[in-house]
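Enquirer: Handing you this structure, nothing more for now.
The values are calculated or read from the model by the stated rules, or taken from the named source; none is laboratory data. All of these numbers come straight from a predicted model, not from anything done at the bench. With ideal geometry, Cβ positions are generated from the backbone for all residues, glycine too; neighbour counts draw on all protein chains shown. Just the protein is used for accessible areas: all its heavy atoms, side chains included, with ligands, DNA and RNA removed. Shrake-Rupley method; radii C 1.70, N 1.55, O 1.52, S 1.80 Å.
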Amino acid sequence: MNETVKTAEDRMKKTIASVQSDFGAVRAGRANPQVLDRITVEYYGTPTPLNQVASISSPDPRQLVIQPWDSKLLRGIEKAINTSDLGINPQNDGKVIRLTFPQLTEERRRDLTRQVKKYAESGKVALRNIRRDTMDKVKAQKKKGELTEDDVKDLEKDVQKLTDDYCKKIDKLSEDKEKELMSV
């Protein structure tokens, strides 16, 4: 396999990982610490990921408990959660912050499903951009005389097959997440 195609495959794997991360941040009615992965807190003047300044546990399926290692961070964590797109009000008892996840309504499930579809589509767009970039590199190699016409055709087929395979993976991930969201 050509080095250019290997690079494209590595980039596509990273795209899949990114899409999986996006899907993990979509809450599905039960408490999942992954929904907090995107939240950052001001810690000594530096925006720091929440999971690096506090322990996050799930004592029951509908609740997350955030216990900061420095109690001075409670207000900052509370503020960061309120300004995020989580849609959950944190309860601060002076020692820990509790997040209680309500049961999802049918309308909210549909909204989350639409959000999952957007993430999936943006992942596919990223894959197609990788394909385009790779093909531009292959054509540049042909122009320099490093590849023959047959090599270009073979590489084109390889890159297209890779793109199709990774698009199918995104479709499968999206389908699984939608089933998870729509199950009561």
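Enquirer: Among 61, 49, 76, pick out the residue whose Cα is farthest towards the positive end of the charge dipole of the range 1-76, where Lys and Arg carry +1 and Asp and Glu carry -1 on C-beta, about the Cα centre.
Expert: The residue sitting most towards the positive pole is 61.
Enquirer: Springs between alpha-carbon pairs under 10 angstrom, Gaussian network model over the chain: which of 74, 127, 147 fluctuates most?
Expert: 147
Enquirer: Among the lysines, select those whose C-alpha is under 27 Å from the C-alpha of residue 157, and discard any that sit fewer than 8 residues away in the same chain.
Expert: Of all the lysines, those that pass the test against residue 157 - Cα under 27 Å, at least 8 places apart if same chain - are 6, 13, 14, 124, 137, 139, 142, 143, 144, 168, 169, 172.
Enquirer: If you don't mind, another one. Can you give the FRET efficiency for residue 17 and residue 52, using 1/(1 + (r/R0)^6), R0 = 25 Å, r = Cβ-Cβ distance, to the nearest 0.05?
Expert: For residue 17 and residue 52, the calculated efficiency is 0.80.
Enquirer: Leaving out ligands and nucleic acids, note down the accessible area per residue over the chain with a 1.4 angstrom probe, in whole Å².
Expert: With the other protein chains kept in place, the chain gives 60 Å² per residue.
Enquirer: Would you kindly work out the equivalent ellipsoid of the range 38-161 from its C-alpha gyration tensor and give its semi-axes, the square roots of five times the eigenvalues, largest first in whole Å?
Expert: 48, 20, 11
Enquirer: Using a 10 angstrom cutoff on alpha carbons, build the Gaussian network for the chain and name the most mobile of 100, 134, 46.
Expert: Result for the chain, Cα springs under 10 Å: 46 fluctuates most.
Enquirer: Going by accessible area, probe 1.4 Å, with all protein chains left in place, what is the ranking of 135, 182, largest first? Mind dumping the intermediate values first?
Expert: Numbers: 135 20, 182 70 Å².
Order by accessible area, largest first: 182, 135.
Enquirer: Using only Cα atoms, tell me the angle between helix 3-25 and the longest principal axis of the chain; keep it within 0 to 90° and round to the nearest 10.
Expert: 20 degrees
Enquirer: If you don't mind, another one. For the chain, set up a GNM with springs between Cα atoms under 10 Å and report which of 45, 123, 76 has the largest fluctuation.
Expert: Its mean-square fluctuation being the largest, the pick is 45.
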